[in-house]
Amino acid sequence: MTAIPRQKPVFRFAPSPNGPLHLGHALSALLNGDMAASAEGRFLLRIEDIDLTRCTPEFEAGIYADLEWLAINWEWPVRRQSEHFAEYQAALERLTDLGLAYPAFMTRGETKTRVVAAEANGTPWPRDPDGSPLYPPDDRERAEFDRQQLLASGVKHAWRLDMGKALEAVGATLSWEETGDGNRGLIAANPGAWGDVILSRSDAPSSYHLSVVLDDALQEVTHVVRGLDLFHSTSVHRLLQTLLGLPAPIYHHHRLITDEDGRKLSKSQSDTGLAELRGRGLSPADIRRLVGL
Ligand code: GLU
């Protein structure tokens, strides 16, 4: 009997080149590299640059320089999301063809005005797990004729998932396997908490949620290792994977590195930037120690 060759585990680090990498990214990248090495797996780097206004070639070059300095080895070629917009559009079309996505015309300002007005009347507006208000129902409930007219007029719009219909289409409770630093085991997904999530932005022909699930599947990623700030997003990812017939990786959400006030690090805090720390004479071993590895 011939033995079936075992698929190698596939890990990935997926930064966005919209600022310099900091200690939080170092933890994520080093942990991914360590876990890939101990599982004798592959390690991929993916550049998540769908936001063409905030992502720059300079920040992307900085990512390669920082990771090389940390002695992290990834496979080439690197997948750059900005080179795959047509694939994300095709997936969006599948969801629209299924009647699960609709064009969303409200600007951020209009949404905010709606929320503020409702809350001024004493009605608390529902919020997603990150604390942002859910998208108002107006565009979802819009009459088809009206929708077609707006689309034909060329007015700027995003595309959103009709969460109610999507949950109905799936019809089952979703879950994921979690091995990270918070809750572990089989985690029940709750995508409904996010409301009508964005699938394609008015200024970018995709969204984080859509491109991340497609790329993880296309790159045959078996282990998603990322920060706990994305723990609840996994509910949305499991829903999209199910709707699009994509496999579910194992998830490992790791602790976050925080500043002295306990806040998550941001790309604008230069004192924790890797290039800055390298310039001050710290070594890769110092970085490992600083992030607790
Ligand atoms: N691009 C995302 C970020 O920089 C990470 C996405 C992921 O790991 O799923 O926060």
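The values are calculated or read from the model by the stated rules, or taken from the named source; none is laboratory data. Model, not experiment: these values are computed from the prediction. We place every Cβ from the backbone using ideal geometry, glycine too, and count neighbours over all the protein chains shown. To get the accessible areas, we keep the full protein, side chains included, count just its heavy atoms, and leave off ligands, DNA and RNA. Shrake-Rupley method; radii C 1.70, N 1.55, O 1.52, S 1.80 Å.
Cβ under 12 Å from D162's Cβ, D162 left aside: what net charge do those residues give with Lys, Arg +1 and Asp, Glu -1? Don't skip to the end; give the middle numbers.
Values: positive: R140, R142, R160, K165; negative: D139, E141, E168, D196.
Here the count lands on 0.
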- Task: Starting from the Cα-Cα distance between A172 and A86, subtract it from 0.36 nm times their residue separation and give me the gain in nm to one decimal.
- Result: 27.9 nm
- Note on the structure: Checked against the positive end of the charge dipole of the stretch 212-261 (+1 on Cβ of Lys and Arg, -1 on Cβ of Asp and Glu, about the Cα centre), the farthest of T222, T242, H252 is T242
- Query: Residue farthest toward the positive end of the dipole of the chain, with Cβ of Lys/Arg at +1 and Asp/Glu at -1: which of L290, V170, L134?
  - Reply: L290
- Query: Hey, any idea what % of the stretch 181-263's accessible area is carbon plus sulfur with a 1.4 Å probe?
  - Reply: 51
- Message: Please enumerate, by chain and number, the lysines with C-alpha under 29 Å from the C-alpha of K112, excluding those fewer than 8 residues away in the same chain.
- Response: K156, K165, K264, K267
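Determine the dipole magnitude for the chain: charges of +1 sit on the beta-carbon of Lys and Arg, -1 on that of Asp and Glu, nothing else is charged, the reference point is the Cα centre, and the result goes in debye to the nearest 20.
Around 260 debye, computed over the chain.
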- Pair L293, A143: separation of 7 Å Cα→Cβ label points (nm): 5.8
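Taking DSSP loops as anything outside H, G, I, E and B, show the longest stretch in the chain free of trypsin sites (Lys or Arg not before Pro) there with at most 12 other beta carbons within 10 Å.
Maximal segment without exposed cleavage sites: 7-155.
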- Could you work out the longest stretch of the chain that avoids the GluC sites (Glu not before Pro) located in DSSP loops with at most 16 other Cβ atoms within 10 Å? 76-219
- Query: How large is the helix-only mean residue ellipticity at 222 nm for the chain, computed as the sum of -39500 (n - 2.57) over DSSP H runs with n ≥ 4, divided by its residue count, in deg cm²/dmol to the nearest 500?
  - Reply: -11500 deg cm²/dmol
- Label points 7 Å out from Cα along the Cβ direction at D97 and E40: separation in nm? 4.1
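With r as the distance between the Cβ atoms of T179 and L282 and R0 = 35 Å, compute the FRET efficiency 1/(1 + (r/R0)^6) and round to 0.05.
0.70
Given a Förster distance of 30 Å, report the FRET efficiency between E68 and E220 from their Cβ-Cβ distance, rounded to the nearest 0.05.
So, using R0 = 30 Å, E works out to roughly 0.75.
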- Query: What residue among G41, F13, L151 has its Cα farthest toward the positive end of the dipole of the chain, where the charges are +1 on Lys, Arg and -1 on Asp, Glu, each on the Cβ?
  - Reply: G41
- Note on the structure: Rounded to the nearest 5, the percent of DSSP beta bridges in the chain running antiparallel is 50
- Query: So, with +1 on the Cβ of K and R and -1 on the Cβ of D and E, and no other charges, what is the size of the charge dipole of the stretch 85-230 about its Cα centre, to the nearest 20 debye?
  - Reply: 400
- Message: Explain nothing, just the number: dipole magnitude of the stretch 194-293 about its Cα centre with +1 on each Lys and Arg Cβ and -1 on each Asp and Glu Cβ, in debye rounded to the nearest 20.
- Response: 240
- Query: Efficiency by 1/(1 + (r/R0)^6): what FRET value for S202 and I4, r their Cβ-Cβ distance, R0 = 41 Å, to the nearest 0.05?
  - Reply: 0.30
- Contact order relative to length for the stretch 98-234, counting C-alpha pairs under 8 Å separated by 6 or more residues, stands in percent at 25
